[in-house]
Amino acid sequence: MTLPNVGLHTKLMVALALLVALVAGGSAHVVIEYERQLRLLELEERAVRIAEVYSRALAQPLWGLDRHAIEDQLTARFPDREIVEISATAIDHGPLVVVAGTRGTDPTGEIVRVRPIRYASAPGAPARTIGEVRVVLTRAVAERSIASARRAITAITIGVVATLYAATYLLLKRLVRRPINRLEEMVDRIAGGDLDARCPVASGDELGRLAGRVNI
């Protein structure tokens, strides 16, 4: 794509803005997705740990079919916003206790872990499975946290891009645009018949050397 009627300064600024936005946006996306996968993996591991803990803690009350003791243990976790359901089931009696919180509208956004509950009736006796515990955690809390982080990172990225753009605009205007404008004015004066026109040499860079050659 060519921009024949656009100045060099504008072309450089557009190219720089596109490059910085692409790099910053891509980097932010990678960071956010990495954080998202990490948070969801931690949530799955947490669901496994909770299920493992309850599979051991509920063995005694489940063997005695003590519903109150089971319910007390299960409800103790419910200040946790990520847990939406914990249930204990006995093999010969079906579901004994189900403690449920507020569920989301998307069941696919839930993490479910089930662990058997085993109990040995006497020391040295083989443990046998007497039921299971089911733990359901929602991804909604983690997703909201990730969405908030995404908005924050996006805002920071936009701020950085805008600041860099403004600083670069001023630098290019001083270092490139002004010397080129002075050269254009001098050439126009020479073309108009003013052979004594000279361009001030304000730097030793390429534009400064070019101005010196044109003066000669």
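The values are calculated or read from the model by the stated rules, or taken from the named source; none is laboratory data. The model shown is predicted, which means the values in this text are computed figures rather than measured ones. Heads up, the Cβs are rebuilt from the backbone with ideal geometry, glycines too, and the neighbour counts pull from every protein chain shown. These accessible areas exclude ligands, DNA and RNA; they are computed on the full protein's heavy atoms, side chains included. Shrake-Rupley method; radii C 1.70, N 1.55, O 1.52, S 1.80 Å.
Quick notes on this structure:
- In this Cβ point-charge picture (+1 for Lys and Arg, -1 for Asp and Glu), the chain has a dipole of about 440 debye about its Cα centre.
- Percentage relative contact order, region 148-213, counting C-alpha pairs under 8 Å, at least six apart: 22 percent
- Between helix 206-215 and the chain there is an angle of about 10 degrees, using the helix long axis and the longest principal axis of the Cα atoms.
- For region 175-216, the Kirkwood hydrodynamic radius from C-alpha pairs, put into Stokes-Einstein at 10 °C and a viscosity of 1.306 mPa s, yields a diffusion coefficient of 156 µm² per second.
- One equal scatterer on each Cα of the chain, no solvent, Debye formula: the resulting log10 I(q)/I(0) at q = 0.09, 0.15, 0.17 Å⁻¹ is -0.61, -0.99, -1.12.
- The three principal axes of the Cα atoms in region 74-148 give end-to-end lengths of 53, 23, 22 Å, sorted in falling order.
- Placing unit charges on the Cβ atoms of the charged side chains and taking the dipole of the chain about its Cα centre, the candidate lying farthest along the positive direction among 130, 176, 83 is 176.
- Note: relative contact order over the chain, using C-alpha pairs below 8 Å and six or more positions apart, is 21 percent.
- Å² of accessible area per residue within the chain, as computed with a 1.4 Å probe and no ligands counted: 64 Å²
- Helical runs assigned H by DSSP (4 residues or longer) give the chain a calculated mean residue ellipticity at 222 nm of -19500 deg cm²/dmol, each run adding -39500 (n - 2.57) before division by the residue total.
- Normalised by residue count, region 28-120 yields a Cα convex hull volume of 110 Å³ per residue.
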